[in-house]
Structure formats: C-alpha cells, structure tokens
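Taking it in order: structure first as structure tokens, then the write-up.
The values are calculated or read from the model by the stated rules, or taken from the named source; none is laboratory data. Please read all numbers here as calculations on a predicted model, not as lab measurements. Here the Cβ positions follow ideal geometry from the backbone for every residue, glycine too, while neighbour counts run over all protein chains shown.
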Amino acid sequence: MREIAIRMTRRNHNAFVHLLGALESQGFDIGELLITKDLDEILRAKPKVVLYSFFTEEVWDVEKEIALLKEKTNALLVAGGYHATAMPRHTLRMGFDIAVVGEGEEVIFQLLEVLKRSNFRITKELVNIRGLAFYLGDNFVFTGLAKVEDFTKFPPFAESSRLIAPMEISRGCPFGCYYCQTPYAKGFRMRHRPIEQIVKYSRRMKDMRYITPNAFAYGSPGAVLRLDKLEALLKALQPLRKEGRRLFYGTFPSEVRPEFVKPETLELLIKYADNRRLAIGAQSGDDEMLKAMHRLHTTEHVRQAVEYMLEYGIEPVVDFIVGLPNESEESQRKSIEFMKWVMRKGGKVRAHYFMPLPGTPWARCKPSPLSEEMKKFLGRMAAKGYIEGSWGVQIELSKKLQKLIEEFYEESPSYVGSLKQLC
Ligand code: SF4
C-alpha cells in the first residue's frame, strides 16, 4: 500500500514534476508515491497523506475534493503552491492540515521524512521545519517562509520517473509588477539553471520548452540583458536540435519583457530556435497605467518590440490586462487603440481581465468595470478570431477572488518582508 499520494492536475503537473526531481535527489524513494490525476484512485487507495498544489483561482474546486477526502479517508492533507504561500491560514481553513509556505523543494522532503517517523501525525517536531503552517492543538504555528537560494541543486526531473514538463530554467524576477505573485513568492533576484544542466535534461524532451519569467534575461540578475549568456545557452542546445528536437524559446509557457526584444535578441532567436512567434506583455496602452502597476516599461517599448519582431518575421503575441484598478474609460480607450494597432500590424492580442491575487501589492484592489466600448470591441474581435484570451470567464472569477481575499484577508509571507498593499 502506498502511504503518500500526489494529487496531480493539469495545472500543477509542472510543479510536481520538479518536486519529484528534488525529492529523489535528496534521497527520497519516489517509487513509494502514488502519483495520479485520478481522484478516485486516491480515494480507493486511502493513503495516509495527500499532497496538493494549487492556485487561488482553483480554491472552490479544491474545497470540494477536500470534503470528499475528509469523508472517505483519514489522510493528512498537505497543500503547497501559490495559494498556500500567500494565504496559509485560509488554506488550513479549507480543510488542509498543513500548508507549505514558500519554495517547496527542501520543506517537502523534510516534512515527509518527519511524518513517516511520526506515523503521519502532526507533532512538535514540525516546528523545526521552515516553511510550514499548521495547528498544534489549538495553536496556529507558522515556521517562516521557505526560501531556496539555489534551486539548481535540484534536478528538474526525477531520474527514476518518466514524467517530464517544461523545464524551469530561471526563478525570481526583479520587476515587481504589482499584480504578479512571482517576485513576492520567489524573490527579486533572478537565478538560473546552469547550461550543462539544462542541456542534460533537455535530452529528455521532444519539444524543448522552458519556464522563466523573462526568457531573454537568461544569465542576468534579471533587469539587464546578458547576450553572451543567452547565446551560450541557445548554442549549447543546438546539438539536441540536430537530433530532431524542436527548440521553443520565449513562447509558451514563458514570455519575454518588451524592452528585451531587440535586433540582437531576435537574431539569436532566428538563428537558434524553432518558434516564429514570441509572447510579450504589454498589459496596457496607457503609460499612466503602466506606471501605476509598476511595469517599468512604456508603451513605446512595446511598440518598438512589435516593430522589431515584424522586421524579423516573428509573429508578436501581445498580452493585455483589462479592468485594471482605477482604469478609466480613457485608459481603456488607449488600450483599445493599442490593440488595434497590434492587430493591424499583423500581431495577435491576448486579453485578460484583472484578477486580484493574494501575496501581491494589488491583492485588495478592485477591478474596474469594462466600458461599453471595450466590451463591444473585445466581443467583435474575438468573434473574428483576432483576439484570444479568457477575459469573459475571468470577470466572474475576479469577483470571486476579490470577495475571498476580503473575507479571509491575511498578511502574506513574502520574500521581501512586509508587503505594502497599494489599494
Ligand atoms: S509580470 Fe513578469 S516582469 Fe512583472 S513581476 Fe511578474 S514575472 Fe516579473
């Protein structure tokens, strides 16, 4: 019987694949784990522990599963991921017994070791593991945010498992956009996997795809371009391309910041990668809004990036967020104009509705309603297939998130100490 189960889903697949690599490299036998996307299999197996990882947007679905697990098993329920990190008290309230707070590679190994020794009970021993929140009797215990300075000491995939995912090659981001969880949960300094390690594990991929907050910032502390390091990485992957693998860089599931799109970076892309589209975040067509959200680039950077991409025959895929806090009709009009310009040029637009996320400076900010003009524009463009994105469903989800954060507000543990809430 397997005592520890991992509840895999489409959305947490990448996180757990990386965690399996970390667990195995620390000496944990991952053959002991029941790893499944089938909840019924977990219910039937009646394990002693079930591990979850999820985003705040998934809270309502996860709550239903937790109720089922509580009814049909006696398993200890452990949650990690962005929600557990930003709202550990709420995570316990949902029915979890332990929240893993912060980067999970070391915590999860230590936690499973201690739980095995204590016959899967919550004991005082857990107080010594950094990165946990739980109740010891009636007392809430929080042992501090778990930080992993060097995530590259853990391989991205487990040797003994066939599970793979797009590889996390860089972690952390210095830009601190007010709506984004990454820098607050993973740090402002960008750290990178060494090239040899990336090459070694890329051999296991058919299509080589990577996870990074800004693909063109590879090798740099994050805010500057290190063309030499970027080229060294792309060059090192060429033998693998020759063996038939395709290299996707700066596109799904990652993107690049607009000011990093320059002739020099595009030349590298053309020379070394297979994708002929690149995803960049514009977020707004109004410079005042870009300032307000701390994007630290202007609309001119985006314009320039789009022009450069077209010159090099790369299709621009440009992300916008609509309904931003304090976004006036005039700001929305500027975004509409900008989106029209991108489309006229031959680029693709992806529109998202603003979603307040816990653990960010904009967690308590209210989304702005969409102007009639914006609603009509997005509807028309989507019907013609010019705009992609899920702003429609996100409007409802955004309301639910806002309600949840208000009702259960807690100050989020963060890499940068106390987080200033800007609304
Ligand atoms: S949105 Fe991108 S650039 Fe901004 S903080 Fe998040 S990861 Fe960094």
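Some notes on this structure:
- Near pairs, Cβ below 9 angstrom, 6+ apart or cross-chain, from the stretch 280-300 (at positive phi) to any residue that is of a type in the set (Asp, Glu) and in a helix (DSSP H, G or I): Leu296/Glu259
Table: residues versus (1) touching a Ser or Thr at 6+ places or on another chain (Cβ under 8 Å); (2) closer than 30 Å to Lys147 by Cα; (3) at pLDDT below 95.
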{"position": "Pro358", "(1), (2), (3)": "yes, yes, no"}
{"position": "Pro361", "(1), (2), (3)": "no, yes, no"}
{"position": "Leu370", "(1), (2), (3)": "no, no, no"}
{"position": "Ala382", "(1), (2), (3)": "no, no, yes"}
{"position": "Glu388", "(1), (2), (3)": "no, no, yes"}
{"position": "Tyr415", "(1), (2), (3)": "no, yes, yes"}
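- Residue within the stretch 172-187 that is without any contact (Cβ under 8 Å) to a residue 24 or more places away in the chain and outside any loop (DSSP other than H, G, I, E, B) present: no
- Sole exception among (1) surrounded by fewer than 21 Cβ atoms within 10 Å (Cβ to Cβ); (2) of a type outside the set (S, T, N, Q); (3) in contact (Cβ under 8 Å) with a residue 60 or more places away in the chain for Trp362, by number: (1)
- Residues of the stretch 170-228 satisfying the condition of being away from the ligand (no atom under 12 Å from the Cβ) and among the β-branched types (Val, Ile, Thr): Ile195, Ile198, Val199, Val224
- When residues of the stretch 154-163 are limited to those that are in contact (Cβ under 8 Å) with a residue 24 or more places away in the chain and over 20 Å from the mean Cα position of the chain (by Cα), the one surrounded by the most Cβ atoms within 10 Å (Cβ to Cβ): Ala158
- Only one of Gly250, Gly244 that is part of a loop (DSSP other than H, G, I, E, B), on the phi > 0 side of the Ramachandran plot and surrounded by fewer than 21 Cβ atoms within 10 Å (Cβ to Cβ): Gly244
- Counting the residues of the stretch 117-153 that are in contact (Cβ under 8 Å) with a residue 40 or more places away in the chain, surrounded by fewer than 18 Cβ atoms within 10 Å (Cβ to Cβ) and of a type in the set (A, V, I, L, M, F, W, C) gives 2.
- Residue in the stretch 295-311 that is basic (Lys, Arg) and buried (at least 22 other Cβ atoms within 10 Å of the Cβ) present: yes
- Residue count for the stretch 1-45, restricted to those that are of a type in the set (Ser, Thr, Tyr) and either more than 23 Å from Ile211 (Cα to Cα) or surrounded by fewer than 17 Cβ atoms within 10 Å (Cβ to Cβ) (or both): 2.
- So Ile66, is it among the hydrophobic types (A, V, I, L, M, F, W, C), at pLDDT 95 or above and not in a helix (DSSP H, G or I): no
- Matching residues, the stretch 406-421, being on the phi < 0 side of the Ramachandran plot, without any contact (Cβ under 8 Å) to a residue 60 or more places away in the chain and not aromatic (Phe, Trp, Tyr): Glu406, Glu407, Glu411, Ser418, Lys420
- Residues in the stretch 384-405 that are free of Cβ contacts under 8 Å to residues at least 12 places away in the same chain and closer than 18 Å to Val342 by Cβ: Lys384, Gly385.
- Scanning the stretch 108-158 for residues that are within 21 Å of Phe188 (Cα to Cα) and among the β-branched types (Val, Ile, Thr) returns Val148, Thr152.
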